[in-house]
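Here is the structure we will look at.
The values are calculated or read from the model by the stated rules, or taken from the named source; none is laboratory data. The structure presented is a predicted model; accordingly, all values stated were derived computationally and were not measured. Methodologically, a virtual Cβ is constructed for each residue, glycine included, from the backbone with ideal geometry; neighbour enumeration extends over all protein chains shown. These area figures cover heavy atoms from the full protein model, side chains too; ligands, DNA and RNA do not enter into them. Shrake-Rupley method; radii C 1.70, N 1.55, O 1.52, S 1.80 Å.
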Amino acid sequence: TPIGNAILWNDMRCTEEAEWANKNVGRKKIFERTGYPPGLWTVYKAMWLKHHNSDIYRNMYKFLLVPDYLIYKLTGRLLTSQGAAVTTGCLDISNPSRWETDILKSLDVSIDIWVKDILPAGSIAGSITRKAAVETELPEGLLVITTAGDQPCGSLGAGLVKSGILAINGGTSSTSEILSKKLPSRKEINYFIEISPTGDYFPEVSVHSGGSALMRWFKNNFASREIEIARKEKKALWEVIYNEASQIPAGNLGLMMVPYLGGAGAPYWDLNARGVLFGIMLDHGRAHLVRAIMEGLSYETRRAMELIVKGTGAEIKEVRMYGGSSRSDIWNQIFADVLGLSVYTTKTTETTALGAAICAAVGSGVYDTMEQAVEEMVHIDREYCPIDKNRKLYDKLYGQVYRQFYDKVYELVRKSSRISRSE
């Protein structure tokens with residue numbers, strides 16, 4: 001029986017708890033044990049509940065992730081999957097079938113609130129009960145299969161089952177993942193570590209405010225003109241917005257955005273980080289702001305790629321794009337130009353759902369392995385090759401400007417955030 005509202009992954013109320021963990025337990029220690037430095041993860045939300053809503057914390061039996069709750073309602077069994085549990089920030093990354101009890105003890109969070117059984121992706125969680133069949137109209141006895149977190153499923157659905165590929169999600173958050181057959185190095189905190197449905201590891205860097213989030217922000221605050229055009233001409237709103245940005249030259253007349261509107265992941269790991277728009281002139285308008293969002297996320301993704309390469313030694317040869325931005329030709333081309341790599345999209349744009357379907361196909365015996373299922377179920381749609389002129393321009397803008405800018409203003413932005421939050 002739920003005793004409190006669900007808490008979204010990007011809810012930032014646990015900022016103080018994450019900062020406490022950094023200072024008192026140690027960011028590096030927590031990262032080495034769990035694969036996740038302190039941040040927005042579930043365990044810090046549990047800490048927040050303990051500090052600010054003690055009645056719920058004291059009375060809850062289990063603290064479930066969304067898929068855990070759905071599995072329970074469908075099958076009557078309390079369990080989780082490795083690929084979902086790792087996102088709590090308190091799973092043992094070297095042995096992902098158990099919780100990291102030492103870290104939980106250091107954070108003063110009870111181990112009893114986490115479910116005991118942690119299964120690999122593609123495992124049979126149970127079957128639809130008679131009660132669930134009546135409520136959902138799904139057939140009684142239908143198998144329920146474990147999958148993984150949303151990004152690992154999305155990367156799997158984009159075909160990430162071998163090295164040399166960078167999978168990028170341009171959704172609510174903007175994430176970058178590669179596949180690693182062994183546990184990646186944790187000497188430097190360059191990324192956090194997801195678990196692939198294949199059982200391998202996915203080092204990941206995430207921009208909390210990704211393409212969908214930033215474009216919704218633009219639409220809700222600045223897009224009245226585009227909304228009216230879309231209505232009159234009976235066009236899709238995003239088509240109108242993106243087409244305006246396509247009229248702006250590469251480099252955006254010097255206007256750049258650092259897309260930390262929801263705090264920053266690697267390399268800063270700071271929920272007090274904030275977005276920055278710089279280089280603005282009277283010549284800039286709404287279309288330039290759209291392009292600044294697109295180019296800013298592409299620059300930040302290049303930085304993410306460099307962090308992953310630095311930490312793992314991987315060689316990245318191509319990009320698989322999925323999520324909302326993958327539907328935009330202009331955005332895919334900007335990513336190709338900024339990264340200097342060919343960008344591929346797949347025929348199924350909803351690759352997270354496809355990745356979950358792949359897990360189900362393997363778990364129910366349709367295919368023997370995840371790799372076999374990917375070969376049969378994932379198909380390339382389009383390739384976007386870097387335009388050499390744009391690539392050279394973006395190389396200069398990234399290396400000489402974007403890559404250096406935030407380091408120079410970081411302390412001032414952080415100070416501004418702290419002052420405004422305290423008032």
Got a number for carbon plus sulfur as a percent of the range 135-201's accessible area, 1.4 Å probe? 48
A chain fully extended from residue 66 to residue 310 at 0.36 nm per residue, minus the present Cα-Cα distance, gains in nm 84.5 nm
Carbon/sulfur fraction of accessible area - the range 1-107, other protein chains in place, 1.4 Å, %: 51
Inverse of <1/r> over all distinct C-alpha pairs of the chain, i.e. the Kirkwood Rh in Å, gives 22.5
How much of the DSSP bridge set in the chain is antiparallel, in percent, rounded to the nearest 5? 70
When a/c reaches 1.5 or more, the comparison of a/b and b/c decides; with that in mind, is the range 309-381 rounded, prolate or oblate per its Cα gyration tensor? oblate
With +1 assigned to the C-beta of every Lys and Arg and -1 to the C-beta of every Asp and Glu, and no other charges, what is the dipole magnitude of the range 181-319 about the Cα centre in debye, to the nearest 20? 180
Over the chain, average the accessible area per residue using a 1.4 Å probe and give it in Å², no decimals. 46
What does the C-alpha gyration tensor say about the overall shape of the range 19-86? Classify as rounded when a/c is under 1.5, otherwise prolate if a/b is larger than b/c, or oblate. oblate
What does the range 50-143 give for Rg and for Dmax, in Å, if only its C-alpha atoms count? 15.1, 45
Relative contact order as a percentage, the range 245-335, C-alpha pairs under 8 Å and 6+ apart, gives 28
Of every hundred units of 1.4 Å-probe accessible area on the range 321-423, the number belonging to carbon and sulfur atoms, as a percent, is 50
Dipole of the range 320-375 (Lys/Arg Cβ +1, Asp/Glu Cβ -1, origin at the Cα centre): which of 325, 370, 341 lies farthest to the positive side? 325
To the nearest µm²/s, what D does Stokes-Einstein give for the range 171-299 at 37 °C and 0.692 mPa s, using the Kirkwood radius over alpha carbon pairs as Rh? 200
Sorting 18, 59, 124 by the position of each Cα along the dipole of the chain (Lys, Arg +1; Asp, Glu -1; all at Cβ), the one nearest the positive end of that ordering is 18
Between residue 194 and residues 5 or more places away or on another chain, the pairs with built amide H atoms under 5 Å apart involve 202, 204
P(r) histogram, all alpha-carbon pairs of the range 332-423 included - 5 Å bins from 0, percent: 3, 12, 12, 10, 10, 9, 11, 12, 10, 8, 3, 1
Kindly express, to the nearest 10 degrees and within the range 0 to 90, the angle between helix 224-233's C-alpha long axis and the longest C-alpha principal axis of the chain. 90
For residue 316, the accessible surface traced by a 1.4 Å probe with all protein chains present amounts, in square angstrom to the nearest 10, to 30
What pairs in 29/162; 50/162; 234/392; 73/317; 235/408; 219/408 have C-alpha atoms more than 32 Å from each other? 50/162; 234/392; 73/317; 235/408
Which angle between 0 and 90 degrees, to the nearest 10, do you get for helix 66-75 versus the longest principal axis of the chain when only C-alpha atoms count? 40
One point scatterer per Cα, no solvent, Debye formula: log10 I(q)/I(0) for the range 265-417 at q = 0.20 Å⁻¹ comes out as -1.33
Summed side-chain charge close to residue 308 - residues other than residue 308 whose Cβ falls under 9 Å, Lys, Arg +1, Asp, Glu -1: -2
Quick check: Cα centre of the range 167-236 to Cα centre of the range 20-41, how many Å? 23
Would you mind checking the radius of gyration and Dmax of the range 274-353 based on alpha-carbon positions, in Å? 14.5, 44
On a C-alpha basis, how far is the centre of the range 252-326 from the centre of the range 120-149 in Å? Whole number, if you could? 39
What spacing in nm lies between the two simple spin-label points modelled at residue 395 and residue 8, each 7 Å away from Cα in the Cβ direction? 4.0
Please name whichever of 213, 1, 256 sits farthest to the positive end of the charge dipole of the chain, dipole taken about the Cα centre and charges placed at Cβ: Lys and Arg +1, Asp and Glu -1. 256
So, taking all protein chains as they sit and a 1.4 Å probe, how much accessible area belongs to residue 69, in Å² rounded to tens? 80
Which of the peptides 342-353, 385-396 is most tightly packed, and how do the rest follow, going by the mean number of other Cβ atoms within 10 Å of each residue? 342-353, 385-396
With -39,500 (n - 2.57) per DSSP H segment of 4 or more residues and division by the full residue count of the chain, the 222 nm estimate, nearest 500 deg cm²/dmol, is -13500 deg cm²/dmol
If the only charges are +1 at each Lys and Arg Cβ and -1 at each Asp and Glu Cβ, what is the size of the charge dipole of the chain around the Cα centre, to the nearest 20 debye? 880
Which of the peptides 320-332, 282-294 is most tightly packed, and how do the rest follow, going by the mean number of other Cβ atoms within 10 Å of each residue? 320-332, 282-294
